[in-house]
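Each remark here refers to the structure printed beneath this line.
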Amino acid sequence: MTCCPPGSHPYLQAEYTGTGSVVTEGGIDFYINKTSENPTSAVLMFPDIWGWNGGRVRAIADYWASCGYLVVLPKLLNPVFEGGTDGDAMAPTSTFNMDWIKQFPWSVQKPKVDAALKLCKDKGIAKIAVLGFCYGGHPACWASSENPDLITCGAVFHPSMQLESFAFGGKMEDLMKTVKCPFLIAPAGGDLPMFAEEGDFGAALKASAKGSECVWKLYPDMAHGWTCRGDIGDEKVKRDCEDVIKNATEFFAKYL
């Protein structure tokens, strides 16, 4: 079992220059941005296996800043694999390596996420949405599980929470039952069938504290990774990138 299923979008070179800045909190580096002077809500983003500056990740981060939120994007996947991408995660030429990803169970990522939450609270943030891409869905779900008073909603695009079962020694369904906020789940047509609404994953998420408020938005024309790695020169990819951001924007607005 890998992180990304066969047919997934490959690495995409970042061509966007972010308008935010890099800060360090608790020994962890973060890309942050905001456009309003004193935001009270934040979007905490957990990127995919090409990290905090792969593909369109920072462009998406700056979009959330333009909506009036503080956006926080941590450098999570260290030590890097084969040189990494901008000091994080995998190298552009890397293929997924299970032994490498096994270094990052929640017990290792929790202090980094706690540093992100402290950064937010120190800036006056009262409500946070978590947004995970691929691998990032795993820490997003754990963060919700442990911080119900601060994290009020979440979204996962082309999820890979199966890593809880196949890499980190737990069980994905058990994790999903523990999340404490409503989630928007946006699988691609090329994603693993387990992430369909009907099935063990969906049943587990619906059994969570806010399961009745969780929603699924399926993108059947898309391959895994499309939101941050797909070619938006393709009309269908552009259409569905815009649609999933629109859906997440509306979903977050209900809870932030």
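Before moving on, here are some points about what is shown:
- Apart from one condition, ALA143 fits all of (1) in a helix (DSSP H, G or I); (2) without any contact (Cβ under 8 Å) to a residue 12 or more places away in the chain; the exception is (2).
- Where helices (runs of 4 or more DSSP H) fall wholly inside the range 163-240, the ranges with 2 or more residues that are more than 27 Å from LYS254 (Cβ to Cβ) are 163-166.
- Output for the range 238-252, where each listed residue is surrounded by 13 or more Cβ atoms within 10 Å (Cβ to Cβ) and farther than 21 Å from GLY51 by Cβ: LYS238, ARG239, ASP240, ASP243, ASN247, THR249, PHE251, PHE252
- Test for THR152: is it farther than 20 Å from PRO47 by Cβ, surrounded by 16 or more Cβ atoms within 10 Å (Cβ to Cβ) and in contact with a strand residue (DSSP E or B) (Cβ under 6 Å, 6 or more places away or on another chain): yes
Yes/no matrix, rows are residues, columns are (1) touching a strand residue (DSSP E or B) at 6+ places or on another chain (Cβ under 6 Å); (2) among the β-branched types (Val, Ile, Thr):
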{"position": "PHE30", "(1), (2)": "yes, no"}
{"position": "GLU37", "(1), (2)": "no, no"}
{"position": "ARG56", "(1), (2)": "no, no"}
{"position": "ALA65", "(1), (2)": "yes, no"}
{"position": "VAL72", "(1), (2)": "yes, yes"}
{"position": "LYS75", "(1), (2)": "yes, no"}
{"position": "ASP88", "(1), (2)": "no, no"}
{"position": "ASP99", "(1), (2)": "no, no"}
{"position": "LYS118", "(1), (2)": "no, no"}
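- Qualifying residue in the range 194-205 (condition: in contact with a helix residue (DSSP H, G or I) (Cβ under 7 Å, 6 or more places away or on another chain) and under 21 Å from ALA42 (Cβ atoms)): no
- Among the residues making up the range 146-162, those that are in contact with a helix residue (DSSP H, G or I) (Cβ under 7 Å, 6 or more places away or on another chain), assigned to a loop (DSSP other than H, G, I, E, B) and in contact (Cβ under 8 Å) with a residue 60 or more places away in the chain are HIS158, SER160, GLN162.
Every number here is computed from the coordinates shown, using simple stated rules; none is lab data. In this text the structure is predicted, and so the values were computed from the model without any measurement. Virtual Cβ from ideal backbone geometry, glycine too; neighbours counted across all protein chains shown.
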